[in-house]
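The values are calculated or read from the model by the stated rules, or taken from the named source; none is laboratory data. These numbers come from a predicted model, not from an experiment. Ideal geometry is used to build each Cβ from the backbone, glycine not excepted, and the neighbour counts take in all protein chains shown.
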């Protein structure tokens, strides 16, 4: 790298900022993000899922035609060889391309997870970013509803581990819209129109959804019938009974009802507490590619939209490989989860730094000894910062306090003569002298290790 | 996401590939990459360094004029609002922008590390990618050579921990080129020309470097004198003595010699074995921004170029903030390290999967029990894959063998009657029956946990 010198005066300030809608993460942000990501990864791997990564840039031919109206939100450009390319917009289309390219090498079933940033040329606003992490888990090559149930159990386990308790995993089957189409006696292609309209219920409310249904050709009677789905209440099995009655005599009733019953049975096998599962016949998920069980997790408070979303999509993964490859999976809304955990202060730590001990540097003559003691701590796995700035002790204490470092060690001439160290506990402000050869155990105790 | 249906027939194959020069990482690649990254992070944090992240996209005004001739290798494009932007090319310029934007919030000294992909619109070739991870560590706001020494100790510790022993950390001070300029009695601006030319020695050899020096105006006598640096051999202190003699009487000799002596002293304080440190007066690092100690790590075999590179750069971090902020740091060549570790099979494991146990699924009647036992293993932290494909047992064994899963559990009717499980050890092909309530301990033992 070469810095242009011309016109650049030393000390001259240039006004700069990050690109709008994208974020810098400071160490204390990273501490929280890494905590959440590490729990997610731990659960994924505990369930036998394995990580993959795909490139930031994909050929435009891979991306185009996959995102419908949203295609305009892709970062698209030409490379130096005039090839049209785009930035990763989600992790699902790259997965389909990945599966096509590595089909022979991949196990079947293929259980993968992927945690990478995606980019969207959207208008930045509160909580909506142009760069954010997506976190996806999918099972490729399995028809069985066991796979759908396992994904839901994983979501449940992760949320519990992160400390959430006020969540509901809403489930439904996209097959309900086939049944609904038969029930309404409308063209079967209208299935997607219903799903897309209902999906906007949270945003537009009843009036808005009804308007959209009207616009796409549903009569008042039909619109009313669609909205009866909202009125089906009770326990999960009560709702199933009610729908079973409403849809009586329809040929598409059985596959739908059976699917819901089977997923609920499997969730019981997986020991998912039923109170977290809500069969919601009005859940749609607007994307056209879903074919079976769909799910969305919401929190009772705060209201922040869904924190997971996914389902079965049996016709997408094969589009590049020309094979029929069933698949089911879910996205975990990492950024929303972090936002809520920040808001509710849900982290099981209040530290702002990874550093456990600051070793002060005071006396040039004692430098060799100071470094050697610091290195001993590090060798024992104690995260130790050796202060490298000015030797003023007050500055060093301020540095430790500002960073939130809990412990500080000082080696002065007097301490050294006695083979001791001064240990400052910056949490309770206590100060003691400790023998140098006892320091590791002493610190371990204080750090509750 | 909506899939375009028009023209897209189900089962129709579309030929696709990843964008050239960028890589997909399969689970077994990720296992190795994550191993290397986790060791690097562990050492960084053990030394009190903390992670940050910056966005993939930066405003063009931040990037332009920072990379000299290499600027043409940046991915540059316009966003939807016609703003000129570029993709992250390295982690140093973003760091300078980051420091300017968060100056008030950052501790001083600020010790940060950053591991993120960067993008270069380069011609792809063996070992050179358009997307690769960079891994940087820097100390911001410290003049002391202690900081330079600590960085070198960290590099040393990481390489040792990864299993390298045949490495040499070459060090020099950029101050040597000021002394050389005085020695040659040429214009002091020529310092950079010498550094840039010498930096290409590995690529161009003596002849090529001499040609470049000639082209930039150095006489034959001057070129010869520059090359005497190559002839200075011996131990580190012998080389210092020799240079001390050659540069006798020059006013710039002292600062240079002192700097080398001091860094060697500090490296001794940090217990870095001297045999890994080579004071190499011919080490240049071509980048104009270095101001003090510079370093590069090479392997004796295989010949792969440098696997770390860095130095002190006191005038770069402040360019956006208008302050004078000293800094020193190093890049670790993650991709090259992984390449070498792959080649020499240096990983302390030969597994291809994170999965420790495959739980077979055979008998529909025993499904509930099978899942409940699988969940028990998972609760105990044993990474367990529940087989979700077809129930044919031979297929399941093949799946486990292909993935390299070491253990397999089977619950058949007979096993269940006796409260047992069949445990297949797929490494030594032994098969035993184990009581269901003893299975956790049994597996732990086999996994050597």
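The residues on offer are A:371, A:319, and the sole one that is at pLDDT 95 or above and either within 23 Å of residue A:428 (Cα to Cα) or buried (at least 22 other Cβ atoms within 10 Å of the Cβ) (or both) is A:371.
Answer yes if at least one residue in the range B:230-245 is within 19 Å of residue B:196 (Cβ to Cβ), part of a helix (DSSP H, G or I) and over 23 Å from the mean Cα position of the chain (by Cα), and no otherwise. Please lay out each step first, then the result.
The first filter runs over the range B:230-245 and keeps only residues within 19 Å of residue B:196 (Cβ to Cβ), leaving B:230.
Next, from what is left, pick out any that are part of a helix (DSSP H, G or I): B:230.
From the residues that got through so far, the ones that are over 23 Å from the mean Cα position of the chain (by Cα) too are B:230.
Checked against the condition, which is being within 19 Å of residue B:196 (Cβ to Cβ), part of a helix (DSSP H, G or I) and over 23 Å from the mean Cα position of the chain (by Cα), the range B:230-245 yields at least one hit.
Each residue in the range B:246-258 was checked for being surrounded by fewer than 16 Cβ atoms within 10 Å (Cβ to Cβ) and either within 14 Å of chain A (Cβ to nearest Cβ) or part of a helix (DSSP H, G or I) (or both), and 3 of them qualify.
A quick yes/no check of all residues on (1) more than 12 Å from chain B (Cβ to nearest Cβ); (2) over 14 Å from the mean Cα position of the chain (by Cα); (3) within 26 Å of residue A:312 (Cα to Cα):
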{"site": "A:123", "(1), (2), (3)": "no, yes, no"}
{"site": "A:137", "(1), (2), (3)": "yes, no, yes"}
{"site": "A:141", "(1), (2), (3)": "no, yes, yes"}
{"site": "A:144", "(1), (2), (3)": "no, yes, yes"}
{"site": "A:148", "(1), (2), (3)": "no, yes, yes"}
{"site": "A:154", "(1), (2), (3)": "no, no, yes"}
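Figure legend. Inter-residue proximity from the range B:362-385: first residues facing chain A (nearest Cβ under 10 Å) and at positive phi, second residues buried (at least 20 other Cβ atoms within 10 Å of the Cβ) and in a helix (DSSP H, G or I), beta-carbon distance below 8 Å, spacing 6+ or different chains. Indicated pairs: B:381/A:46. Residue A:180 satisfies every condition listed in (1) touching a residue at least 60 places away in the same chain (Cβ under 8 Å); (2) crowded, with 23+ Cβ neighbours inside 10 Å except (1).
Which of the following residues is under 28 Å from residue A:159 (Cβ atoms) and at pLDDT below 95: A:42, A:70, A:50? Before the answer, list the steps.
Details: A:42 fails: at pLDDT below 95; A:50 fails: at pLDDT below 95.
From the options A:42, A:70, A:50, the qualifying one is A:70.
Within the range B:387-401, at least one residue is touching a helix residue (DSSP H, G or I) at 6+ places or on another chain (Cβ under 6 Å) and at negative phi.
Would you be able to tell me the number of residues in the range B:73-82 that are within 8 Å of another protein chain (Cβ to nearest Cβ) and surrounded by fewer than 17 Cβ atoms within 10 Å (Cβ to Cβ)? Full working, then the answer.
Narrowing the range B:73-82 to residues within 8 Å of another protein chain (Cβ to nearest Cβ): B:75, B:77-80.
Filter again for surrounded by fewer than 17 Cβ atoms within 10 Å (Cβ to Cβ), leaving B:78, B:80.
Looking only at that region, the number is 2.
Being free of Cβ contacts under 8 Å to residues at least 60 places away in the same chain and either assigned by TED's automatic domain parsing to the domain that holds residue A:333 or outside any helix (DSSP H, G or I) (or both) is a description that does not apply to residue A:153. Candidates in the range A:315-331 are the residues that are farther than 26 Å from residue A:132 by Cα and more than 10 Å from every other protein chain (Cβ to nearest Cβ); of these, the one that is farthest from the chain's Cα centre (by Cα) is A:325.
Of all residues in the range A:401-439, those being within 19 Å of residue A:372 (Cα to Cα) and surrounded by fewer than 16 Cβ atoms within 10 Å (Cβ to Cβ) number 10. Taking into account only those residues within the range B:15-60 that are more than 7 Å from chain A (Cβ to nearest Cβ) and in a loop (DSSP other than H, G, I, E, B), which is surrounded by the most Cβ atoms within 10 Å (Cβ to Cβ)? Looking at the filtered set, the residue picked out is B:49. Taken across the range A:138-147, residues that are touching a helix residue (DSSP H, G or I) at 6+ places or on another chain (Cβ under 9 Å), part of a strand (DSSP E or B), modelled with pLDDT of 95 or more and farther than 16 Å from residue A:295 by Cα do occur, with at least one present. Against the test of being within 14 Å of another protein chain (Cβ to nearest Cβ) and buried (at least 22 other Cβ atoms within 10 Å of the Cβ), the options B:334, B:283, B:267 yield a single qualifying residue, B:267. Every listed requirement among (1) more than 29 Å from residue A:145 (Cα to Cα); (2) modelled with pLDDT under 95; (3) in contact with a strand residue (DSSP E or B) (Cβ under 7 Å, 6 or more places away or on another chain) is met by residue A:356 save one, (2).
Every condition in (1) over 28 Å from residue B:200 (Cβ atoms); (2) touching a helix residue (DSSP H, G or I) at 6+ places or on another chain (Cβ under 7 Å); (3) within 14 Å of chain A (Cβ to nearest Cβ); (4) assigned to a helix (DSSP H, G or I) holds for residue B:261 except the one numbered (3). Note on the range A:271-304: residues that are in a loop (DSSP other than H, G, I, E, B) and closer than 23 Å to residue A:314 by Cα total 13.
Being within 9 Å of chain A (Cβ to nearest Cβ), under 23 Å from the mean Cα position of the chain (by Cα), more than 30 Å from residue A:371 (Cβ to Cβ) and part of a strand (DSSP E or B), is that true of even one residue in the range B:90-113? No, because not a single residue in the range B:90-113 is within 9 Å of chain A (Cβ to nearest Cβ), under 23 Å from the mean Cα position of the chain (by Cα), more than 30 Å from residue A:371 (Cβ to Cβ) and part of a strand (DSSP E or B).
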